[in-house]
């Protein structure tokens, strides 16, 4: 376990920020779902909460394992979460009878956290770090080739 922690601190700074924000973002999403359930009881069925939990843990696990495809999947889900929270903000801000400004602040927090996580996943330093983990492409003779020279 100690070796994995040491390896984590050897990652570039942008990668560490992205991973930390990813964990913080998913914790914030679950807290937001609980927060909504306190103001609007029974809004989320248990099955939906468990599905979100599985998706969040799966994405975090694969990104922490430095899988190049997981970075792309994470960016896709981050953009989805940002859109959902922006839509929630637009609906809450346009409604006349806002019950809780804390829900608005929590949705805004989610947008900021996932926006920063997406930014750190998209910067060049992080992109190159994940691309270095991709398996090399080889031809039928086992020689390393560029993708544009591969024959299918």
Mean Cα-pair separation over length for the stretch 13-132, i.e. relative contact order, pairs under 8 Å, 6 or more apart, % | 45
Values of log10 I(q)/I(0), in the order q = 0.29 Å⁻¹, for the stretch 7-50 under a Debye, Cα-only, solvent-free model | -0.97
Expressed to one decimal in nm², the mean projection of the alpha carbon convex hull of the stretch 24-82 is 4.1
When you take every Cα atom in the stretch 68-128, what is the radius of gyration, and what is Dmax, the widest Cα pair distance, in Å?
-> 14.2, 48
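For residue 53 and residue 105, what does the FRET efficiency come to when R0 = 30 Å and r is the distance between their Cβ atoms, rounded to the nearest 0.05?
For R0 = 30 Å, the calculated efficiency reads 0.80.
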So for the stretch 13-132, what percent of the C-alpha to C-alpha distances run longer than 18 Å?
-> 53
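Quick note: the coordinates plus some simple rules give every number you see, no bench work behind them. Fair warning: this is a prediction, and the values are worked out from it, not measured in the lab. Note that each Cβ is placed from the backbone with ideal geometry, even for glycine, and that neighbours are counted across all protein chains shown.
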